[in-house]
Amino acid sequence: MKKTAEMKDGIFYIDKKPIFVTSADYPYYRDDPKNWDDRLKKIKAAGIDVVTFYTPWRHHMLKIGDKRIVDFDGKTRGNRDVKSFVKLCAKNGLWAVVKPGPFIHAETTCGGLPNWASSEEDPEIEPLDKSHKWYNGGKLLPAPLCSKFKGMVKEWYGLVYKNILKENIYPKGNVIAVQVCNEGIYSNGPAPVSGYDYSPSGIALYRKFAKDRKAEAPRDFLGVNDKSELKDYLKWAEWQAEFMRLVYKEYSSPVKVRAPLVVNINPPAEDRGLDHWLTRIIPERWTGINYGFTNWLKPVSEDRSSFERYSLLSKRKRGINWEENWGFSKLYDSRFQYPVVCVFETLLAIANGATGFNVYTVANTASWDDLLDNMYERPYPDSSPIREDGTLTKKYEILSLIAHFFKENSADLLGAGSDLTVAWGLYPPYAYLAAWDIPQDDWKRLGFEPMKCGYEGLDRFQRILRSRNRDFQITNIESATVKELSRYRNIVLHGGFFMDRKTQDKLSEYMASGGRLVFIGAVPSQDENFKRYDILKEGAICLSQIDGVLNALANTNGKLKVKDPSTQVWVYENAKKNIQFFFVFNLSERSGVREFSYSGKAVKVALPQKSAAVIKVKNSKLEAAFIKGLNEMYKNSTTPEVSFGKDRLRAEAPCDLLAFRRGNKWHIKMVK
C-alpha cells in the first residue's frame, strides 16, 4: 500500500487510517536547543503524537548590511537549527506540522516578518493599510499579493521547502502537513468586509475578478435607491473569500511535495461580526486547503458570547483545532492558568466537530533574542503544562489524561457521527449584504425586508436549538450538491428577496426528494440578476419569526432528552457498532449530578460547576470516560461518577478521572 498523509472531509489519514490529531505546539525558536530533546520526550509521554511549530521568517533569514543570511542549521544561533529539531521530533516518535507563515503572530516582532519586508524599507512593497502598523515592531503590513512582497514570500516558502520539507515530508520523513498563513492572513480573518485589500495590487486583482476594469471597491455603505446598486456591495463582499483563496494558493505554490495544506481560522467577532466572518470564511472555495481553526476568545466556560462563537467556529466545517490556549494567563486572560478552563474549551471544540486538538503552547520557554521579540517578558508563555525548567505541572498530568482518552478512542470517535436531522442553510450572498449593515430605511425604500444571515440569523438559531439540547449542522447551500443536501431532513435559513437559479433549483430538488425547507422571513422571488424566479414558493415553509422554528421542523424528537438547559450534551453515534460518545458540559454555578436520557436509558454524570466530561458507551455498557472532577478556579470538586442505565462507574475521591474498561475490569488513572 502506498504510504500517504492526507485529509478528507476534515479528518486526517495516515496510510488511509483515520487519526484523531492530538497535537501540541512547541516554539523551538524561543528555547535553548539543549532543552529540545527533553521537552519532546515529555510531549510524547503525555500522549501527544504531533508537534506543531512556526518557522519565523525573521528568525531564519537575516540581513547583515546588504547581505542576507539563510540559517536553518544553527550556524548563527543554536535555536535556528530547525533541521535538527525536525529530526529530533522523528527520533522521539512525533509527527510534525510546519507553519512557515509568512506572518505568524506568535507575539514575535512584526508578526515574524523581517523588517526589510515592509514598505518603510522597500518602496516597491505596497502597504496593506497606511494607517495601521503592527503593534509589535511598528511596521506597516504589506499588501499580501503585491508583486514584490509576493515574490519575497514565494522565495521564503521555496527555502522552507528546500531546507525542511523536501526531505522530511511523509513518507520520507515525519512532516505530515504544512500550515499556510496565520488566522486568515495577518490574524485578520474576522476583519470587516471593508477591512482589506484596497492597495493598488488589491484593487487590480479585484477588477480582474469582477471582470470590470472600472469596478468600484466600496469602503462604506453609501445608500441605495435601486436594487441594482446593491451589486457593487455584493461583488466586493464575494471577493473576500476569493482573495483568501488566491493568497493561500500563491504562497503555498513552492511546496512541490504532496502534503495536506491547512489553515487556522480565528473566531468571528460579536454581533454583525458573524456576517463579516461568514463572508470571508468560505472554505468550500479553497480547493486544496483544509479548514482548521484557533481560539483566542475569553474563557468559553465563563462567557456566553465566546461559548456561542467558538461553537460556530468549530461547527462551520469539520477540521482540526490547531491552537487552544493552554499557556497564556498573563498576556490574555488570567483564568487560563486553571486547567479546567483549558479542558472545557478543548472538549467544546471536539463536541462541535473538531477532529483534533492542539495545546498552545505545551512548554514555557525563555531563550530567544531581541531580533525575534523584544517586547514580552520571560517565560513565554507563563502557565504551560511544562515549565521553562522542564518540570511538570498539574496541567501536564490532566493533558495526559485527555490525550490518552482520544488516542485510545481515535477510530471509534471519527467513525461516529452527530445528528443530521437539522442543518442551517448558509447562503453566502445573504451574508455579503448583511455584512454592510444596510439601514432599515434603505431596505424600506427598496421594498424588501432587511437581509439577515449570521447576526440575528444563525446565532439565534443556534441559541434556540441549544436551549433544547438539539444539535445541528451548517451546510453551504450554494456549493453543496443535492446529494449532500439530502443528508439533512430539515434545512433552515433566513430568507431574502433573491437567490441564484442554480441554488433554487437544487433546493427544489431537495424538497422533491422529501427534504423540508424552512425560510425565516422571505422566500426568494428573484434570481441572481434580480429577475423574477420563485420556484421555491411552492413547498417551502415560511415563518415570519425565528422563535417558532422548532415547531416547523420534522423528525426532531430525537433520542436525546435533557430537561435542564444548563446541562449541555452533544452526542456522536456509530449505530452499526452501537457506540455512543457523550460530551457533557455543566454551565451552571452548581456542582452535582447532570442528568439526561438517551434512547430511554438514564444517564448521570457528576461534575463540578463549569466543568466537562466525555463518556463512551458500547453495547449499552460504559467503556471509557474522562471526567474533570476538579474545578481549580472555583476551588470546588466532585467525586467523578457516571452511570448509563444500571451500569455505573465511581471514583473513590474527588479527582480528574480517566477510565478504560477491559472486559469486566476498569483501568483507572486519577489526578488529585
Item to check | Whichever residue in the stretch 518-536 is closer than 14 Å to ASP505 by Cβ and not β-branched (Val, Ile, Thr) and, among such residues, is surrounded by the most Cβ atoms within 10 Å (Cβ to Cβ) | outcome: PRO524
Next on the checklist: Condition first: crowded, with 18+ Cβ neighbours inside 10 Å and in contact (Cβ under 8 Å) with a residue 40 or more places away in the chain. Now tell me which residues in the stretch 199-223 satisfy that.
Outcome noted: SER199, SER201, GLY202, LEU205
Next on the checklist: For the structure I just gave you, tell me whether VAL562 is within 30 Å of VAL422 (Cα to Cα) and open to solvent by less than 10 Å² (accessible area, probe 1.4 Å).
Outcome noted: no
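Only one residue in ASN188, ASN182, ASN163 is polar (S, T, N, Q), under 26 Å from the mean Cα position of the chain (by Cα) and open to solvent by 20 Å² or more (accessible area, probe 1.4 Å). Which one?
Values: ASN182 fails: open to solvent by 20 Å² or more (accessible area, probe 1.4 Å); ASN163 fails: under 26 Å from the mean Cα position of the chain (by Cα).
Going through ASN188, ASN182, ASN163 in turn, just one is polar (S, T, N, Q), under 26 Å from the mean Cα position of the chain (by Cα) and open to solvent by 20 Å² or more (accessible area, probe 1.4 Å): ASN188.
Could you run through the stretch 409-429 and say how many residues are outside any helix (DSSP H, G or I), open to solvent by less than 10 Å² (accessible area, probe 1.4 Å) and not small (Gly, Ala, Ser)? Break it down stepwise before answering.
First, the residues of the stretch 409-429 that are outside any helix (DSSP H, G or I): 409, 415-427.
Then drop every residue that is not open to solvent by less than 10 Å² (accessible area, probe 1.4 Å), which leaves 409, 416, 422-427.
Going one step further and asking which of them are not small (Gly, Ala, Ser), we end up with 409, 422, 424, 426-427.
Residues flagged as outside any helix (DSSP H, G or I), open to solvent by less than 10 Å² (accessible area, probe 1.4 Å) and not small (Gly, Ala, Ser) within the stretch 409-429 amount to 5.
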Item to check | Test: LEU331 is surrounded by fewer than 24 Cβ atoms within 10 Å (Cβ to Cβ), modelled with pLDDT under 95, at negative phi and not in a helix (DSSP H, G or I) | outcome: yes
Checklist entry - What pairs come up if the first residue lies in the stretch 47-63 and is modelled with pLDDT of 95 or more, the second is among the acidic types (Asp, Glu), and their beta carbons are under 6 Å apart, counting only those six or more places apart or on different chains? => result THR52/ASP25; HIS60/ASP71
Next on the checklist: Looking at the stretch 391-406, can you tell me whether even one residue there is assigned to a loop (DSSP other than H, G, I, E, B), open to solvent by 20 Å² or more (accessible area, probe 1.4 Å) and closer than 30 Å to LEU113 by Cβ?
Outcome noted: no
Checklist entry - Which number in (1) out of contact with any Lys or Arg (no Cβ under 6 Å at 6 or more places or on another chain); (2) open to solvent by less than 20 Å² (accessible area, probe 1.4 Å); (3) in a helix (DSSP H, G or I) marks the one condition that VAL300 misses? => result (3)
Item to check | Positions within the stretch 122-159 being in contact (Cβ under 8 Å) with a residue 12 or more places away in the chain, part of a loop (DSSP other than H, G, I, E, B) and open to solvent by 50 Å² or more (accessible area, probe 1.4 Å), in sequence order | outcome: GLU124, ASP129
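For (1) crowded, with 23+ Cβ neighbours inside 10 Å; (2) within 21 Å of ALA259 (Cβ to Cβ); (3) out of contact with any helix residue (DSSP H, G or I) (no Cβ under 8 Å at 6 or more places or on another chain), each residue gets a yes or a no:
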site: ALA5; (1), (2), (3): no, yes, yes
site: TYR13; (1), (2), (3): no, yes, yes
site: TRP36; (1), (2), (3): no, no, no
site: ALA45; (1), (2), (3): no, no, no
site: VAL50; (1), (2), (3): yes, yes, yes
site: ILE64; (1), (2), (3): no, no, yes
site: ARG68; (1), (2), (3): no, no, yes
Next on the checklist: Looking at TRP95 and the list (1) aromatic (Phe, Trp, Tyr); (2) open to solvent by less than 40 Å² (accessible area, probe 1.4 Å); (3) under 13 Å from VAL175 (Cα atoms), which single condition is not satisfied?
Outcome noted: (2)
Next on the checklist: I'd like the full set of residues that are farther than 24 Å from GLU302 by Cβ, of a type in the set (D, E, K, R) and open to solvent by 80 Å² or more (accessible area, probe 1.4 Å), limited to the stretch 628-671.
Outcome noted: LYS646, ARG648, ARG650, GLU652, ARG662, LYS665, LYS669
Checklist entry - Hey, any hits in the stretch 548-555 for a residue that's polar (S, T, N, Q), farther than 25 Å from LEU234 by Cα and free of Cβ contacts under 8 Å to residues at least 12 places away in the same chain? => result yes
Checklist entry - List pairs: first in the stretch 237-258 and crowded, with 19+ Cβ neighbours inside 10 Å, second assigned to a helix (DSSP H, G or I) and among the charged types (D, E, K, R), Cβ under 6 Å, 6+ apart or cross-chain? => result GLN240/ARG280; ALA241/ARG280; ALA241/ARG285
Item to check | Members of the stretch 436-474 found to be touching a residue at least 12 places away in the same chain (Cβ under 8 Å), among the basic types (Lys, Arg) and farther than 17 Å from LEU234 by Cβ, listed by number | outcome: ARG445, ARG460, ARG463, ARG466, ARG468, ARG470
Next on the checklist: Return the residues of the stretch 98-121 that are over 15 Å from GLY151 (Cβ atoms), assigned to a loop (DSSP other than H, G, I, E, B) and of a type in the set (Ser, Thr, Tyr); say none if nothing qualifies.
Outcome noted: THR108
Checklist entry - Do you know which residues across the stretch 619-646 are of a type in the set (D, E, K, R), over 17 Å from GLU595 (Cα atoms) and touching a Lys or Arg at 6+ places or on another chain (Cβ under 7 Å)? => result GLU623
Next on the checklist: Is it the case, given these coordinates, that VAL359 is in a strand (DSSP E or B) and closer than 28 Å to ALA612 by Cα?
Outcome noted: yes
Next on the checklist: Six or more apart or on different chains, Cβ atoms under 8 Å: show the pairs whose first residue is in the stretch 267-289 and without any contact (Cβ under 8 Å) to a residue 60 or more places away in the chain and whose second is part of a loop (DSSP other than H, G, I, E, B) and open to solvent by 10 Å² or more (accessible area, probe 1.4 Å).
Outcome noted: PRO283/LYS317
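The values are calculated or read from the model by the stated rules, or taken from the named source; none is laboratory data. Computed from a predicted structure; not experimentally measured. Counting neighbours? That spans all protein chains shown, and the Cβs are built from the backbone with ideal geometry, glycine included. What goes into the accessible areas is simple: the full protein's heavy atoms, side chains included, and nothing from ligands, DNA or RNA. Shrake-Rupley method; radii C 1.70, N 1.55, O 1.52, S 1.80 Å.
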